[in-house]
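In what follows, a single structure is set out as structure tokens and then discussed.
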């Protein structure tokens, strides 16, 4: 990936992200897009530089976004600005970060979107296992739900990353952090069935083939997150679910169903690859919502 050129400071920050932090191309593009827009405001509107702008200028920039951008978008842009100025401080280009004094927009509290167990099972049973693409889709859904993988992690899997005998997958998570994820017998069986016919997708040689990739498109190339989301939308329609279901919803469902089955939050944190326990603890709120619903339904004074 080659983002559009920016100022020397942003180019330094880009190299830092690429070499030191190993961020994904998608994350890198988001950082540079956010910071490029911020730089245009600082230079074009304020007549200042990235090194001279203060916290008031950063607040002013966020204020210009308040009309069109949602609070979550503004918070993300501020996070990019903060990361950039932390880098400048570490490089001793600034004594302190001007973004440190800027408060993040208040975000609405949202719970992870979770499917009931019966709806997950209905989705898993939908792909046509008489075709190689149906076998592939069944394996994808089983691994997403059985291992709680992020969609980017699933797409990055190579054949060698899945030890079917040990029922474990080696996953490269955020920040290039590797972890081992157990997968259940149904997921392993689905992967086995797909691998038995996976060669059909490589039968016609082409320039875009990825013979090492576990999940392939119909031309033999590595399957992309957008394609998986599109296929999932088709299955959701076939299942007549009255909700939007993203690949990430299967990850949320994985965590919530484990928690409901008695797994502790620390173990779920390890399985999901969360750096912070607070991220995982969001799922305890989902369980609380379920308990509240039971209470409201059962208690005579509710």
Qualifying positions in the range 223-251 - buried (at least 19 other Cβ atoms within 10 Å of the Cβ) and not in a helix (DSSP H, G or I): 223, 245
Of 149, 144, 135, the only residue that is touching a strand residue (DSSP E or B) at 6+ places or on another chain (Cβ under 8 Å) and crowded, with 23+ Cβ neighbours inside 10 Å is 149
Flag for residue 56 being crowded, with 17+ Cβ neighbours inside 10 Å, farther than 30 Å from residue 257 by Cβ and not assigned by TED's automatic domain parsing to the domain that holds residue 238: no
Residues of the range 64-96 being farther than 22 Å from residue 27 by Cα and either modelled with pLDDT of 90 or more or buried (at least 19 other Cβ atoms within 10 Å of the Cβ) (or both), which ones? 64, 92, 93, 94, 95, 96
Members of the range 156-181 that are within 23 Å of residue 220 (Cβ to Cβ) and free of Cβ contacts under 8 Å to residues at least 24 places away in the same chain: 156, 170, 172
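Return yes when residue 28 is part of a helix (DSSP H, G or I), out of contact with any strand residue (DSSP E or B) (no Cβ under 8 Å at 6 or more places or on another chain) and either in contact (Cβ under 8 Å) with a residue 24 or more places away in the chain or surrounded by fewer than 13 Cβ atoms within 10 Å (Cβ to Cβ) (or both) and no when it is not.
On the way: part of a helix (DSSP H, G or I): yes; out of contact with any strand residue (DSSP E or B) (no Cβ under 8 Å at 6 or more places or on another chain): yes; either in contact (Cβ under 8 Å) with a residue 24 or more places away in the chain or surrounded by fewer than 13 Cβ atoms within 10 Å (Cβ to Cβ) (or both): yes.
Yes, satisfied.
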Residue 274: passes all of (1) within 22 Å of residue 139 (Cβ to Cβ); (2) in contact with a helix residue (DSSP H, G or I) (Cβ under 7 Å, 6 or more places away or on another chain); (3) free of Cβ contacts under 8 Å to residues at least 12 places away in the same chain but (1)
Quick test of your reading of the structure: residue 210 fulfils all but one of (1) crowded, with 19+ Cβ neighbours inside 10 Å; (2) in contact with a strand residue (DSSP E or B) (Cβ under 6 Å, 6 or more places away or on another chain); (3) in a loop (DSSP other than H, G, I, E, B). Name the failing condition by number. (1)
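Let me confirm something: among 262, 199, which residue is on the phi > 0 side of the Ramachandran plot and at pLDDT 75 or above? Outline the logic, then answer.
Numbers: 199 fails: on the phi > 0 side of the Ramachandran plot.
Result of the check over 262, 199: 262.
The values are calculated or read from the model by the stated rules, or taken from the named source; none is laboratory data. If you're wondering where the values come from, they're calculated on a predicted model, not measured in any experiment. A quick note on method: Cβ atoms are made from the backbone with ideal geometry, for glycine too, and the neighbour counts reach across all protein chains shown.
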